[in-house]
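A short reminder: the numbers here are calculations on the coordinates, not readings from a lab. As the structure is a computational prediction, the values presented were derived from the model and not from experiment. Neighbour counts are summed over all protein chains in view; Cβ atoms, including those assigned to glycine, are modelled from backbone coordinates with ideal geometry.
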Amino acid sequence: MRGRARVGGHVTLIFSIQDESEHLLEQGSRGAGLSLDRGVIIEANSRPGSGTLTIEGDAPSSELHHLVLEELKVLDPIFGDYDWDLTHEGELPASQGFGLSAAGAIGCALAIQRALDVDEEIARARSIHVAHRVERRLSGGLGDVAALHASGVELRLEPGCPQLRDDLGGPGAVLSWHEEIPLVVVWRKSSSQHTSNYIDDANWKLSIKAAGEHCLFGLREGQWDASRWSELLAKSAEFADRSGLLEDSNRLDLLHLIGSALAGAGFADGRLVTRLCMLGESAVVVPSKFPLSEDWQQTVIEHLEMRGLGAASASVASDALNLH
């Protein structure tokens, strides 16, 4: 039997680390960001067996997928009655701040359950629950799973896995809205640091948490809808500066390169803005206001690639767990 899942990535623009709890489902972050319509594609093929798993494709490692299967077997032992062959295809580079480990964990859980024809609502709830636990077991993303569950442009009000059906999930609370917002994701073609290098470091945790709470304070007031776009962009720029992340890992140089590309493409007038993705050496180029009347993504990508950067077009996903 075969199951398939295509799950979008996520760009974190602001976050505040909240991982003090001993319970994995209560750990997470407050923050804000964007779900993407590009991420990972996972196919799962099952056959009667004893619960072994093999993975092919471009997954950075198989550890995440083995942990997903382990967590699924806790929820229902039937997943251990099959052997699993997985294929993994990434649509964006891993370990660059695009939330692909969260997308991969969710996608793996969904594909396995779809192979056994599990009800879709049940499969979604289990996948979010399992992926959040796996991410925390690996000291990975704090808020990507909750964000992808909400999709769109999200505001994470309380840390942890969101509350889910069948007593799954945790105390997380997320608001979101969606508009068709085209964007370009940009990355350096060199390797980047793992998220744990920041969130497990005491000094980084303090500076990130202080900056995140400061920048989220105003965003938490009032309605969370498309009218808050310019405010989100302003606060995300402030967060990058206040946290110290702007001047770490050559991110300032990256912004200068992207600025040069935007100018070369004829967008030095502020119609497009660049915001860093946390925590990779990457960024996202978005309209300062929308809709932007012209087709701009391919021109910008060409100018970014001329400067040795990786780039891809994308848009904000309304349902990142079920991309077609």
³J(HN,Hα), Karplus 6.51/-1.76/1.60, whole Hz, each residue of region 159-165, x for Gly, Pro:
x, x, 5, x, 5, 10, 5
Calculate the length of the line joining the C-alpha centroid of region 228-272 to that of region 281-302, in whole Å.
13 Å
How tilted is helix 202-219 with respect to the longest principal axis of the chain? Cα atoms for both, answer in degrees (0 to 90, nearest 10).
70 degrees
Kindly rank 263-276, 50-63 from highest to lowest mean number of other beta carbons found within 10 Å of each residue.
263-276, 50-63
Could you tell me which residue out of Leu255, Ser35, Leu13 lies farthest along the dipole of the chain toward its positive end? Charges go on the beta carbon: Lys and Arg +1, Asp and Glu -1, centred on the Cα centre.
Leu255
Going by amide H atoms built from the backbone, whose H comes under 5 Å of the H on Gly172, apart from near neighbours?
Cys161, Gln163
With every atom except the alpha carbons ignored, what do you get for Rg and Dmax of region 2-177, in angstroms?
14.8, 45
Run the dipole for region 1-114 about the Cα centre, Lys and Arg Cβ at +1, Asp and Glu Cβ at -1, nothing else charged, and hand back the magnitude in debye, nearest 20.
420 debye
Check Ser282: other-chain or 5+ apart residues with amide H under 5 Å from its amide H, H built from backbone geometry?
Cys277
Region 85-160 - Rg (one decimal) and Dmax (whole number), Cα, Å
12.5, 38
Can you run phi through the Karplus equation (6.51, -1.76, 1.60; θ = phi - 60°) for region 62-78 and list ³J(HN,Hα) in whole Hz, with x for Gly and Pro?
9, 4, 4, 6, 5, 5, 4, 4, 4, 5, 4, 5, 5, 6, 7, x, 4
Estimated dipole of the chain in Debye, rounded to 20 [Cβ of Lys and Arg +1, of Asp and Glu -1, Cα centre]:
420 debye
I'd like the orientation of helix 297-306 relative to the chain: the angle between its Cα long axis and the longest Cα principal axis, in ° from 0 to 90, rounded to 10.
80 degrees
Residue-ordered couplings for region 275-282, obtained by feeding phi - 60° into the Karplus form 6.51 cos²θ - 1.76 cosθ + 1.60 and rounding to whole Hz (Gly and Pro as x), are 10, 5, 8, 9, 10, x, 9, 8
Taking only Cα atoms, what is the 0 to 90° angle, nearest 10, from helix 251-264's long axis to the longest principal axis of the chain?
60 degrees
Cα extents of region 141-288 along the three principal axes, largest first (Å):
53, 35, 27
With N set to the number of residues, divide the alpha-carbon radius of gyration of region 285-324 by 2.2 N^0.38 Å and report two decimals.
1.40
Share of Cα-Cα pairs in the chain lying beyond 37 Å, as whole percent:
13 percent
For region 2-177, calculate the relative contact order in percent as a whole number, restricting contacts to Cα pairs under 8 Å that are 6 or more residues apart.
30 percent
For Gly152, net neighbour charge (Lys/Arg +1, Asp/Glu -1) across residues whose Cβ lies under 10 Å away:
-3
Please list 217-229, 92-104 highest first by mean number of surrounding beta-carbon atoms within 10 Å per residue.
92-104, 217-229
